[in-house]
Amino acid sequence: MNVKSVTIHNNDFAAASRINRALTASLERRILHWMAEQAPAWITSDQLTLLGLLAQIGAGIFYALARYQRCALLLVIACIVLNWLGDSLDGTLARVRRQQRPRYGFYVDHMVDIFGSIALMGGLALSGLVHWQVAITMLITFLLLSSESYLATYTLFYFQLSQGLFGPTEIRILLILGNLALLRSPYSTVFGHRMLLFDLGGTIASTCMLAVAIATTVQHTVQLYREEPLS
């Protein structure tokens, strides 16, 4: 089967609207804009994207090493901060410098997110701080929610960066707090039952992501059905 290559110029491409109503969104936007203005000329958006990916891979590696030395969790925290820097600043830097590449940026950023998430959850599954089944469930529900978001961006022309008051930055903050708690003890007691802290957190996170994915799928399906009625 022959597939024709279609060239689309950026002038013909309408970038989707970005929606972020997370708790830290307003403050984070101002901080990132200031950082982008102060960034030296030799720093590029592609370098920041690569930094975000390498930091997330590093976090996965240090999670795996935490099985043998729990102090490696401090390096996980450092990698999470670097991932925030690279993942959040790359797009802002491009906009401040008027170097936007909307199709390239959207595609690369989100493929980086997918590979980075696999590395992170893979390392967590090997850490002994959570049962691997819980880590894989978190990965699956994250990818499910991400897939819904990408499809909604294509069909509804807006990209939902946050779900309710939670976005990527809030998730990173919770993960950092969880790592600090793990340094004290990897266990938690719930209703008299002792269990791994990240098993509890991972189960809650997976349940919430699945519920949001189902709810937004229903919402967007109804919206699209109404916008494209049968004639």
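Results, tabulated for the structure shown:
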| item | result |
| --- | --- |
| Long-range amide H partners of residue 187 with built H, under 5 Å | 197 |
| Average Cα contact separation per residue, segment 1-149, under 8 Å, 6 or more apart, as relative contact order % | 27 percent |
| Mean Cα-pair separation over length for segment 108-231, i.e. relative contact order, pairs under 8 Å, 6 or more apart, % | 29 percent |
| Residue-wise HN-Hα coupling along segment 52-62, computed from phi with Karplus coefficients 6.51, -1.76, 1.60 (Hz; x: Gly, Pro) | x, 5, 4, 5, 5, 4, x, 4, x, 5, 6 |
| GNM flexibility winner over the chain from 18, 101, 194 (Cα, springs under 10 Å) | 194 |
| Rg ratio (alpha-carbon, reference 2.2 N^0.38 Å) - segment 1-156 | 1.18 |
| In order through segment 23-31: 3J(HN,Hα) via Karplus (6.51 cos²θ - 1.76 cosθ + 1.60), integer Hz, x for Gly, Pro | 4, 9, 4, 5, 5, 4, 4, 5, 5 |
| Cα-derived Rg to Rh of segment 98-176, Kirkwood definition | 1.02 |
| Gaussian network model of the chain, springs between alpha carbon atoms under 10 Å - residue of 107, 150, 158 with greatest fluctuation | 107 |
| Rg/Rg_ref, segment 174-231, where Rg_ref = 2.2 N^0.38 Å and atoms are Cα | 1.84 |
| Percent of beta bridges antiparallel (DSSP, the chain, rounded to nearest 5) | 60 percent |
| Computed over segment 88-227, the ratio Rg/Rh where both radii use C-alpha atoms and Rh is Kirkwood | 1.03 |
| Karplus-derived HN-Hα couplings along segment 152-159 (A = 6.51, B = -1.76, C = 1.60, θ = phi - 60°), whole Hz, x at Gly and Pro | 5, 4, 5, 8, 10, 6, 9, 10 |
| Gaussian network model of the chain, Cα within-10 Å springs - most flexible of 99, 38, 133 | 38 |
| Loop-located chymotrypsin sites (Phe, Trp or Tyr not before Pro) in segment 189-225 whose Cβ has at most 10 other Cβ within 10 Å (DSSP) | 191 |
| Per-selection Kirkwood Rh - segment 36-76 (Cα, Å, 1 d.p.) | 11.7 Å |
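Values quoted throughout were computed directly from the atomic coordinates according to the rules given, and no laboratory measurement underlies them. Only a predicted model underlies this, so the values are computations on that prediction, with no experimental measurement involved. So basically every Cβ, Gly included, is an ideal-geometry build from the backbone, and we count neighbours across all protein chains shown.
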